[in-house]
1. So how many residues does the stretch 160-185 have that are on the phi > 0 side of the Ramachandran plot and away from ligand 1 (no atom under 14 Å from the Cβ)?
2. Does any residue of the stretch 67-74 turn out to be within 12 Å of ligand 1 (Cβ to nearest atom), crowded, with 24+ Cβ neighbours inside 10 Å, in contact (Cβ under 8 Å) with a residue 24 or more places away in the chain and hydroxyl-bearing (Ser, Thr, Tyr)?
3. Given the criteria within 18 Å of the chain's Cα centre (by Cα), open to solvent by 10 Å² or more (accessible area, probe 1.4 Å) and within 14 Å of ligand 2 (Cβ to nearest atom), does residue 51 qualify?
4. Looking only at the stretch 107-127, which residues are more than 20 Å from the chain's Cα centre (by Cα) and either under 11 Å from residue 189 (Cβ atoms) or charged (D, E, K, R) (or both)?
5. Residue 40 versus (1) more than 22 Å from residue 337 (Cβ to Cβ); (2) modelled with pLDDT of 95 or more: which is the lone unmet condition?
6. Which ranges mark the strands (runs of 3 or more DSSP E) fully within the stretch 220-327 that have 3 or more residues being more than 16 Å from ligand 1 (Cβ to nearest atom)?
7. Name the single residue that is farthest from residue 173 (Cα to Cα) among those in the stretch 87-108 being part of a helix (DSSP H, G or I) and open to solvent by 10 Å² or more (accessible area, probe 1.4 Å).
8. Anything in the stretch 223-251 that is in contact with a helix residue (DSSP H, G or I) (Cβ under 7 Å, 6 or more places away or on another chain) and at negative phi? List them, or say none.
Amino acid sequence: MVTVVCGGFFGDEGKGKVAGYLGLRGGYAAAIRTGSVNAGHTVVYGGRIWRLRIVPSAFVRRGVRLYIARGSLVKVDILLNEISETVVFDRICVDRYAGVIEERHVEAEKRDSVLKGIGSTFQGVGAAMAERVLRRLRLAWEFRELERFLCDSTWEILDMVDKGLGVIVEGTQGLYLSLYHGTYPYVTSRDVSASGILSEVGLGPKHVSDVIVVFKSYVTRVGEGPLEGELGREEIERLGLVERGTVTGRLRRVAPFNMELAKRAVRINSATQVAITKIDALFREARGVREWDKLPINAKRFIESIEEYLGVPITLISTGEDLEDMIDLRRDKGISI
Ligand code: IMP
Ligand code: MG
């Protein structure tokens, strides 16, 4: 049973929260992270906070085996730091063929005027990816520091899938930052659609049982590029929607929830479920609520109108930072866990 978690807007929808919640609730033997260290996934649980850039967010449950995908790009220092912060030495494995970002990639990006115009996070991801395409990037097996973590993640994941075990595939960014499906050239250096994510792992479309597309209850974007209905700074402050990027600390641009973008994201990703996060930012009384019946009526109406328009069940509704602040409607809506 494979569940893909991917972003439906411009990243920062709360994929970390959703993947972390899925891991915590159980039913999954493994989680595999795709993408790279330009992404920041925040996980809050039991009074602690982790800002992860490469370790899978589902690490919170001890029994979950963790993988870094073959198509991903790691940075050795960031990876090793996160492994010690999350204390997952004995259950994380990095695919031998994962790419490695080196300092010179970061330096090259900082000098790149095109990337400046795009508002890149300058983590060296695009520069390393370009080298991979040109077949001169060094891979994980060439780094002694990574030796003890190496494996064939694809083979291990396929074995788990064959045995009927649950696997979470964690995507990064959001559909409109996809190299192919996003607002080019204001995009990241990979395809972050569900299909792109699966290709990084080595899973085929028929291995997948569920695709959960995550939307925040409003749209944010860091960096440049179009953002329909963008709100002014004062308006953002008045509404209490001020956010900063996890990796760069930059202020995020904000716009209201966009039904058209959401519809396209649901179609391209072949969503079977939708998760809506930060509903408490729009409806304060929703904060920390864990049952549908206890949501304020306006929040219920907002969610129902999105569900009706998208034609896909909204199964997870996040009402706060902590992983436990979640309304889980999967059983109610007939989804087996
Ligand atoms: P790059 O992939 O770091 O070069 O950034 C390209 C564009 O994608 C910039 O606008 C970044 O702000 C944006 N971006 C990259 N990663 C993330 C992310 O994880 N969340 C939100 N935006 C991102
Ligand atoms: Mg983020």
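1. Within the stretch 160-185, residues that are on the phi > 0 side of the Ramachandran plot and away from ligand 1 (no atom under 14 Å from the Cβ) number 1.
2. no
3. On the way: within 18 Å of the chain's Cα centre (by Cα): yes; open to solvent by 10 Å² or more (accessible area, probe 1.4 Å): yes; within 14 Å of ligand 2 (Cβ to nearest atom): yes.
It is true that residue 51 is within 18 Å of the chain's Cα centre (by Cα), open to solvent by 10 Å² or more (accessible area, probe 1.4 Å) and within 14 Å of ligand 2 (Cβ to nearest atom).
4. 107, 109, 110, 111, 112, 115, 116, 118, 127 - these are the residues of the stretch 107-127 that are more than 20 Å from the chain's Cα centre (by Cα) and either under 11 Å from residue 189 (Cβ atoms) or charged (D, E, K, R) (or both).
5. It fails just one condition, (2).
6. Values: elements: 253-256, 273-277, 314-318.
In the stretch 220-327, 273-277, 314-318 are the strands (runs of 3 or more DSSP E) which contain 3 or more residues that are more than 16 Å from ligand 1 (Cβ to nearest atom).
7. Filtering first and then ranking leaves 90.
8. 224, 241, 242 - these are the residues of the stretch 223-251 that are in contact with a helix residue (DSSP H, G or I) (Cβ under 7 Å, 6 or more places away or on another chain) and at negative phi.
The values are calculated or read from the model by the stated rules, or taken from the named source; none is laboratory data. Bear in mind the structure is a predicted one, so any value in this text is a computation, not a measurement. Note: ideal-geometry Cβ built from the backbone for every residue, glycine included; neighbour counts use all protein chains shown. Side chains included, ligands, DNA and RNA excluded: accessible areas come from the protein's heavy atoms. Shrake-Rupley method; radii C 1.70, N 1.55, O 1.52, S 1.80 Å.
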